[in-house]
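None of the figures in this text is laboratory data; all of them are computed from the coordinates on show. Since we're looking at a predicted model, the values are computed, not measured. Glycine gets a Cβ as well: all are built from the backbone with ideal geometry, and neighbour counts include every protein chain shown.
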Amino acid sequence: MNQEPVIPDFGEAASCVAENRYFCPDWVRDNWGSVFQPALIEHVKLTVIAVVVGFVIAFAAALVAHRYRIAEQPFAIFSAIVYTIPGIALFQLLVPFTGLSVLTVEVALVGYTLLILFRNILEGLRAAPPEVLEAARGMGLTRRQTLLRVELPLALPAIVAGLRVATVSTIALATIAAFVIPEGLGQPIFAALRNYFKTEIITAGVLAILLAVTADLLLVLAQRLLTPWASARRIAT
Amino acid sequence: MSTFIDALQFIVERRELLLEKTWEHLVLSGAAIGVALLIAVPLGVVLGHLHRGSFIAINLSNVGRALPSLAVIAIGLGFLGFGFTNVLVALVVLAVPPILTNAYVAVDEVEPEAVEAARGMGMTPWQILRRIELPLALPLLFAGIRTAAVYVVASATLAAIAGGGGLGEILFNQASYRVEGLVGAAIVVSVLAFAADALFGGLQRLLTPRGLQTTVPAFEPDVVPAGTAVGR
């Protein structure tokens with residue numbers, strides 16, 4: 001990929017790049033298709049895969065922990081330890097095991113989602129008031145029916161809140177992953193750092209922020225649509 | 001396992017390097033948290049006291065919490081250049097939202113009955129804030145500060161790419177420091193994050209009036225500020 005800011009060209013675009021001004025719109029337009037668009041798409045893919053896989057694992061673990069209390073601590077401790085490892089370190093440490101591949105990024109990203117998702121799902125499942133559970137039992141619901149019809153719907157606000165935080169933090173961590181594996185929006189940032197090319201650094205940074213904010217807003221919307229009964233005030237806007 | 005032992009050995013053998021980088025890391029994180037506290041706590045507390053500006057305190061802050069730290073540092077780098085100031089500004093931007101949101105929600109949600117009673121006793125608004133609202137708001141307020149502190153200490157590792165120094169210089173330079181240096185520095189960062197949390201936890205305990213003291217909960221690395229969080 002051609003990262004060189006010095007483009008043999010004339011006119012304003014070239015002088016803007018040569019002078020390394022803050023933002024050269026022409027350069028961004030010329031390199032949108034080769035640099036930014038692929039990075040943005042990769043970033044979205046990295047994030048979606050990580051959050052989906054993380055959710056499946058955390059959901060299964062939370063269901064087990066909800067049923068058997070004893071299972072809660074081991075998973076909580078494991079995911080908390082993973083969570084405290086600095087991102088740059090974890091990405092590099094995984095390379096000997098999974099190579100310089102997308103898998104390395106995904107393993108780390110999934111690891112970071114676990115704590116938030118597990119906590120929120122489990123708290124959500126436990127949020128069902130005892131009276132409601134009593135009523136469910138009184139109506140003759142089985143355990144599985146109680147879970148599906150009572151506990152899970154009541155857990156939805158907490159689950160979506162967890163998804164929101166997990167998604168946003170995954171987007172943030174995925175930018176750091178580019179230090180090890182050239183994927184996602186961090187890649188143009190690290191590439192442009194080598195020659196301090198401001199336009200590329202700032203554009204990639206702004207795109208990452210826009211992506212995170214958009215994802216956040218979409219999930220808020222999902223939260224509102226999925227849980228219309230929750231009063232708007234209590235739900236994070 | 002041997003990597004882990006090598007890392008501990010690295011910590012012992014290269015302690016001078018680690019101490020120097022840790023000090024840089026602490027100065028940077030401390031300055032960022034300090035500035036963020038000066039901005040966010042008064043603003044959040046006053047807005048919460050007045051029950052005004054929930055849009056700024058909650059919505060803007062929620063957007064702020066979504067900011068990827070590397071992107072913020074990169075943009076700061078583009079505009080402010082390499083060095084301490086750029087990274088400091090970026091870290092403050094990252095630290096303000098959780099503190100502001102929690103400070104606002106904490107004071108805003110103090111039971112109206114308690115405030116009414118205080119007003120009935122003839123307290124001035126300042127006294128109400130100082131003696132009723134702030135003590136009752138402390139747990140939530142500190143929850144936000146602790147979240148921010150842990151986040152800043154972790155994000156400060158990225159300072160190294162912008163010439164801000166700190167332990168990130170080791171983490172970003174595996175070529176020189178090898179795996180043991182990487183793991184060693186990672187351990188130190190984790191310890192610092194826990195220490196920052198413990199520090200503010202201790203401060204919270206000191207500031208909480210005895211009558212309100214319950215056990216301070218351990219750190220919950222749950223970035224959802226308690227006020228906006230789940231159905232509890």
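Tabulated results
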| read-out | value |
| --- | --- |
| Anisotropy class of chain B from Cα gyration tensor, a/c 1.5 cut | prolate |
| Helix runs (DSSP H) in chain B reaching 24 Å along axis by Cα, Kyte-Doolittle at least 0.0 | B:15-50, B:84-108, B:134-155, B:174-207 |
| Gyration tensor (alpha-carbon) shape descriptor, segment B:27-72, a/c threshold 1.5 | oblate |
| Helix runs (DSSP H) in chain A reaching 24 Å along axis by Cα, Kyte-Doolittle at least 0.5 | A:37-67, A:102-126, A:152-177, A:198-226 |
| Segment B:2-212, dipole about Cα centre (Lys/Arg Cβ +1, Asp/Glu Cβ -1), debye to the nearest 20 | 280 debye |
| Max mean-square fluctuation residue, GNM over chain A, Cα-Cα springs under 10 Å, options A:GLY87, A:GLY162, A:GLY99 | A:GLY99 |
| Of B:ALA32, B:PHE84, B:ASN59, farthest towards positive along the dipole that unit charges on Lys, Arg, Asp, Glu beta carbons give segment B:21-128 | B:PHE84 |
| FRET efficiency, 1/(1 + (r/R0)^6) with R0 45 Å, evaluated for B:ARG131 and A:GLN37 via beta carbons | 0.20 |
| Percentage relative contact order, chain A, counting C-alpha pairs under 8 Å, at least six apart | 26 percent |
| Gain on full stretching of the segment that runs from B:GLU113 to B:PHE4 - 0.36 nm per residue minus C-alpha separation | 33.7 nm |
| Projected-area mean, the protein assembly as shown, by convex hull of Cα positions, square nanometres | 25.4 nm² |
| Most mobile of B:ASN102, B:ASN59, B:ASN86 in a GNM of chain B (Cα contacts under 10 Å) | B:ASN59 |
